[in-house]
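The values are calculated or read from the model by the stated rules, or taken from the named source; none is laboratory data. Computed from a predicted model, the values in this text were never measured in an experiment. Every residue, glycine among them, receives a Cβ derived from its backbone with ideal geometry; neighbour counts consider all protein chains shown. SASA here: full protein model, heavy atoms, side chains in, ligands and nucleic acids out. Shrake-Rupley method; radii C 1.70, N 1.55, O 1.52, S 1.80 Å.
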Amino acid sequence: SVPFLVRLFPNVLTKFVYLNFLAFPFFVDFRQPELLVNNTISLHLTTEPGITVGIWHTVPGSRGAEAQGKDQRWYEEALADAHPVIIYLHGNGGTR
């Protein structure tokens, strides 16, 4: 019966292969990264009309003292300075 169900509902197979409906650790609000990771803020970038990508911006530990208590504007300006930016693509988990 499993092959028959997969044939009828192919999206079910995708959900169980990738498990992207699970958010680990459980019961954590990933929209507030400052509660999980120090010196981190959640931002949203509009890549195309109608498409918005959520990102976390984490400053390095060497700038951690400087980042304490700063708002979103400070983090955006920190992205524009001469320091290198590392982009980490997490995969298909659906969370950052």
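Please work out which one of (1) open to solvent by 70 Å² or more (accessible area, probe 1.4 Å); (2) in contact with a Phe, Trp or Tyr (Cβ under 7 Å, 6 or more places away or on another chain); (3) at pLDDT 85 or above; (4) not aliphatic (A, V, I, L, M) is the condition residue 72 fails and give its number.
Every condition holds for residue 72 apart from (2).
Do any helices (runs of 4 or more DSSP H) entirely within segment 1-78 hold 1 or more residues that are within 21 Å of residue 90 (Cβ to Cβ), and if so, which?
On the way: elements: 2-8, 10-18, 64-67.
Output list reads 10-18.
To keep it simple, each residue is scored yes or no on (1) surrounded by fewer than 10 Cβ atoms within 10 Å (Cβ to Cβ); (2) within 20 Å of residue 82 (Cβ to Cβ); (3) out of contact with any strand residue (DSSP E or B) (no Cβ under 7 Å at 6 or more places or on another chain).
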residue	(1), (2), (3)
34	no, no, no
44	yes, no, no
53	no, no, no
57	no, yes, no
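Taking interchain pairs and intrachain pairs at least six residues apart, which have beta carbon atoms under 7 angstrom, with the first residue in segment 29-57 and more than 16 Å from residue 76 (Cβ to Cβ) and without any contact (Cβ under 8 Å) to a residue 40 or more places away in the chain and the second open to solvent by 60 Å² or more (accessible area, probe 1.4 Å) and not aliphatic (A, V, I, L, M)?
37/58
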